[in-house]
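J.: This structure is in structure tokens; I'll ask about it shortly.
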Amino acid sequence: MAASLVVIVVALLVGVTVVAVKFLGPQQLAAVTASSSPSASSPASAPATPTPSATSVPSPTLTPTPAGFNKTQFSIDDPNSIWVVVNKLRPLADGADFVPPNLVDLPVDMPNPNGYQLRGDAEQALATMFDAAKSEIGTQLVAQSGYRDYSVQVKAYNYYVNLDGVAGADQTSARPGFSEHQTGLAMDILDTTSGCSTDGLCFANTDAGRWLAANAYRFGYILRYPADKTAVTGYEYEPWHFRYVGVDLATEMHNTGVETLEEFFGLPPAPDYAG
């Protein structure tokens, strides 16, 4: 018996019973016994529990945080920029000589009683806006007053000085060199039906005035001198005065509820001239 033993090893391996009969020596017997046991403490007859393979779990895809509106995309100081901010504390650089680039005539079918021009980008947006007003509310808008050079602004300002005095004129008309109209980006807009003018609040209560106030941003225009913002802009409410700043900025101001360029760009209020 010491020389050889007959050992019957029964192994359950993946549901298949294998019976092996061998003649082993004592040392071989010990080795087989040790290797066939899952652990020292486990019963010899217990099947091994398969170890599940690790499942690869993909990392969640992170949604990037949208970047904030880039307020430095265009200059607010360069008079050639569509974002230039002009007010009583921010005159046009070289105002007496400044002429905006790319001035163009308005379309021949657009009511333009005084023959004013605009910059090309502002003119295209204005034409699209006029077409939309006609389509959506059935009203023909009028391009009442657009680009004015320095000399024309001298005459306009002096007219109001003679009418209302300097203090009164400063509330309704810009001094020469301080006018948005000289940028070629501003247009005073009326309509053909209401009989309103660019004096008083008449236009604010028309279908055209309400439509423009609500929709001008879609075409890149903003109402530049809104009601209750005289302490910021320096001018009384002008429901007819619209300024082209491009669709991106106009839409951002509309969506955030910021009404003036001064507030949007964090500029100081400009209720009065510096001197």
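J.: For residue 153, only one of the following conditions fails: (1) surrounded by 13 or more Cβ atoms within 10 Å (Cβ to Cβ); (2) more than 22 Å from residue 239 (Cα to Cα); (3) free of Cβ contacts under 8 Å to residues at least 60 places away in the same chain; (4) not aromatic (Phe, Trp, Tyr). What is its number?
T.: All conditions are met except number (2).
J.: Here is a further query. Suppose we filter 203, 219 for residues that are out of contact with any Gly (no Cβ under 8 Å at 6 or more places or on another chain) and either of a type outside the set (A, V, I, L, M, F, W, C) or surrounded by 15 or more Cβ atoms within 10 Å (Cβ to Cβ) (or both); which single one remains?
T.: Criteria check complete, one pass: 219.
J.: Follow-up. Take the range 118-150 and flag every residue that is within 25 Å of residue 99 (Cβ to Cβ), acidic (Asp, Glu) and without any contact (Cβ under 8 Å) to a residue 40 or more places away in the chain.
T.: Answer for the range 118-150, where residues must be within 25 Å of residue 99 (Cβ to Cβ), acidic (Asp, Glu) and without any contact (Cβ under 8 Å) to a residue 40 or more places away in the chain: just 123.
J.: Can you tell me which residues in the range 70-119 are under 18 Å from residue 150 (Cα atoms) and not in a loop (DSSP other than H, G, I, E, B)?
T.: Residues satisfying the conditions are 87, 90, 103, 104, 117, 118, 119.
J.: Also: I'm told residue 203 meets every condition in (1) in contact with a strand residue (DSSP E or B) (Cβ under 8 Å, 6 or more places away or on another chain); (2) of a type in the set (A, V, I, L, M, F, W, C); (3) part of a loop (DSSP other than H, G, I, E, B) except one. Can you identify the failing condition by its number?
T.: The single condition residue 203 does not satisfy is (3).
J.: Restricting the search to the range 249-266, which residues are outside any helix (DSSP H, G or I) and crowded, with 16+ Cβ neighbours inside 10 Å?
T.: Of everything in the range 249-266, those that are outside any helix (DSSP H, G or I) and crowded, with 16+ Cβ neighbours inside 10 Å turn out to be 259, 260.
Any read-out appearing in this document is the output of simple, stated calculations on the displayed coordinates, not a laboratory observation. In this text the structure is predicted, and so the values were computed from the model without any measurement. Glycine also receives a Cβ, built like all others from the backbone with ideal geometry; neighbour counts cover every protein chain displayed.
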